[in-house]
Amino acid sequence: IQVYEGERAMTKDNNLLGKFELSGIPPAPRGVPQIEVTFDIDANGILNVSAVDKSTGKENKITITNDKGRLSKEDIERMVQDADRYKAEDDAQREKIAAKNSLESYAFNMKSSVEDDNMKGKISQEDKKKVVDRCDQTISWLENNQLGDK
């Protein structure tokens, strides 16, 4: 889990404060694991970030103090101005990411649906293969075209 400070849509445009691992999460289909992330900042400006996997209870946390890569007041003001300046670009990027995630989710769900045991006898093996192949092609295309246009 990576913790960033900033206002921009893409992490590359923000400031990395720290990172930590949440290990021991069993393999599961996309979207199934539920990770609860909590941010807590105290009166001294110390940031505590914790993450818990809801299914296993596995937990980890990081403490980020003011001297660990935190931005100055001037840097924060500059980043807020940059966020305003690049708002249209960031909004377009958010839309692109949402469209990609939506298509990817649809492909995974469609593939999972036709492979479900309840579908046996309701769809021919030939049609099932066509759907699975097309879903795999779509997922592969998305993985290889991360910055593709909408």
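The values are calculated or read from the model by the stated rules, or taken from the named source; none is laboratory data. Keep in mind the model is a prediction, meaning the values are calculated, not measured. Positions of Cβ are generated from backbone atoms using ideal geometry, with glycine treated the same way; all protein chains shown enter the neighbour counts.
Some observations on this one:
- Checking each residue in region 5-34 for being surrounded by 11 or more Cβ atoms within 10 Å (Cβ to Cβ), at pLDDT 90 or above and either charged (D, E, K, R) or not assigned by TED's automatic domain parsing to the domain that holds S55 (or both) picks out only K19.
- Failed condition for N66, given (1) free of Cβ contacts under 8 Å to residues at least 40 places away in the same chain; (2) farther than 18 Å from K12 by Cα; (3) part of a helix (DSSP H, G or I); (4) not β-branched (V, I, T): (3)
- Residue list for region 121-135, filter: exposed (fewer than 13 other Cβ atoms within 10 Å of the Cβ) and either farther than 17 Å from Y106 by Cβ or not acidic (D, E) (or both): G121, K122, S124, Q125, E126, D127, K129
- Criterion applied to K100, K96, K61, K111 was being in contact with a helix residue (DSSP H, G or I) (Cβ under 8 Å, 6 or more places away or on another chain) and either under 27 Å from N15 (Cβ atoms) or at pLDDT below 90 (or both), and the one residue passing it is K100.
- Filtered by the rule that a residue be surrounded by 10 or more Cβ atoms within 10 Å (Cβ to Cβ) and polar (S, T, N, Q), region 96-120 gives N101, S102, S105, N109, S112, S113.
- Residues of region 1-35 classified as under 19 Å from V80 (Cβ atoms) and of a type outside the set (V, I, T), total: 13
- Single match in E104, E74 (criterion: among the acidic types (D, E) and within 19 Å of the chain's Cα centre (by Cα)): E104
- Residue in region 35-45 that is assigned to a loop (DSSP other than H, G, I, E, B) and surrounded by 14 or more Cβ atoms within 10 Å (Cβ to Cβ) present: no
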